[in-house]
1. Measuring from label point to label point, each 7 Å out along Cα→Cβ, what is the Val127 to Asp245 span in nm?
2. Give me the 1.4 Å probe accessible area per residue for region 35-160, excluding ligands and nucleic acids, in Å².
3. Ordering Lys256, Lys149 from largest to smallest accessible area (1.4 angstrom probe), what's the sequence?
4. Take the chain, drop everything but the C-alpha atoms, weight them equally and run the Debye formula without solvent; then report log10 I(q)/I(0) at 0.06, 0.10, 0.14 Å⁻¹ to two decimals.
5. From largest accessible area down, sort Arg15, Arg365, Arg355; use a 1.4 Å probe on the protein chains.
6. Put a dot 7 Å past each Cα toward the Cβ at Asp222 and Val10; how far apart are the dots in nm?
7. Regarding region 262-308, what are the three Cα extents along the principal axes, ordered largest first, in Å?
8. Whenever you get a sec, compute what percent of the accessible area on the chain sits on carbon and sulfur atoms (1.4 Å probe).
Amino acid sequence: VEGATLILFVVTRTRSQGYNLGPVGSTFQPNRMFDEPEGAALDCSVMTSDNSFAIGRTEAVFIYGIDGKGPCYVFEGQKSKLLWFNRYLCSLSRRPGTSHMNVLTVYDLKNKMITFSGDVDDVTHIVYEWGRLYVLMRQQEQSFYLKEKPMGTKLELLFRKNLYNVALQLAQYDSDKSLVADIYRKYGDHLYNKQDYDNAMQQYVLTIGEVEPSYVIRKFLDAQRIPSLASYLESLHHHGMANADHTTLLLNCYTKLKDVTKLDAFIHVDSAAVKPDEYVRRFDIDTAIKVCRSSGYYDHALYVAEHAGETSWYLRILLEDCQRYEDALQYLSNLDSHRAVEALKKYGKMLVTSRPEETTALLMRLCTPSAEDAYSPSSNVNSYDSADSNNNGIDAGASGSSSDPRPPAKPADFIHLFAQQPRALMVFFEYVLNSGPEPLSENILYTTLLELYLTSKL
């Protein structure tokens, strides 16, 4: 039975036929699938575990299915008995070149291997029962049985002969993933000892999730096989099983190999399809940035920081590593007010020192009531010329219009940024005090501005 269809196989000594009888219980007219002018001896045909039909002839064993004749397996000798049990085919045949000696052979057809072969004589019955294959002889005292070895014992025999591929095929019948992974590990060890590092790594990659990564990493660090190690670490990241140390090691591999192409492939994404909260789950962001910075790959570090939404890292790299002050100011101008204020408190001193006019203009927009309306990259504030014309007096009644009288930031929070730029601080405070709809109540601004007027070091 194959699905809902009934198949009838008919074998005589001179003919082999197969019929499709249609769905079970129907009056379907039988359809002959094949008809061959070759048959088989009695007891030389048997159903297999996958509902195929095996026919043993002198030259080979032929397999038939719903589509007719399928594969054949060349087992020489005149067959006298066929038996199928578990996944094995048992054949009793005449040994070629002899007139009375029979050979009992057990085949694993799927793995194409002989699991048992021995000479026997006067066999009357072959029976599989209670997990054993009983071979009954005409002389009872010569009867014996075969019992399949445990999986562990069979694997050990194969390991001794370095037949790891066969061991893997056998292990596929076992659902234990750890067993299969252990075979891949042993196979990898075997290839590694033969200095076949690339193929060894192919086996180790298949152990991910079962074998501790440090087991593999130590081997390839010692052997200085950096490309192979990189491929393993890439697979760890692909399976989502990499930690910060693995990210560090992988990026170091790329930088040592100077493989910018792979470095790009690792950190770059489709910006339109991947959001920052998704990007940060790909690998450890801080680690990636630190490794790229330490290796001089500043553009890559900037890319990671930008796509991960790491404002602090992005500004730090622009200012400390690249000295790209204009880019930093442009970046700050595109941030929302709150993030821009926090970033300026941390990195503003460096910007005020290197670009006092532009930075002061940005602070002016953040510290005046109209900042939310005027805060954009295209805003333009004439900081020095306009303020210098009125540097000896403060027009507290200067007008300004805004729907929200509260500016995003307090000017006093930025005094520390102007330690080396007192003149810029004076311009900044004058502008702020002249821009509000009513005088500010922060005495420190007036006090500081008065001190700046009285100093002779501006």
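1. 6.1
2. On the way: 7050 Å² over 126 residues.
Roughly 56 Å² per residue, with all protein chains present.
3. Values: Lys256 155, Lys149 110 Å².
Output order, biggest surface exposure first: Lys256, Lys149.
4. Debye intensities relative to I(0), on a log10 scale: -0.57, -0.90, -1.18.
5. Working: Arg15 95, Arg365 25, Arg355 65 Å².
Accessible-area ranking of Arg15, Arg365, Arg355, largest first: Arg15, Arg355, Arg365.
6. 6.9
7. Its Cα atoms span 28, 17, 16 Å along the three principal axes.
8. Details: 11980 of 24750 Å².
Within the chain, the accessible surface is 48 percent carbon and sulfur.
The values are calculated or read from the model by the stated rules, or taken from the named source; none is laboratory data. As the structure is a prediction and not an experimental result, all values here were calculated from the model. Because the Cβ atoms are built from the backbone with ideal geometry, glycine has one as well, and the counts that use them run over all protein chains shown. Only protein heavy atoms, including side chains, enter the accessible area calculation; ligands, DNA and RNA are left aside. Shrake-Rupley method; radii C 1.70, N 1.55, O 1.52, S 1.80 Å.
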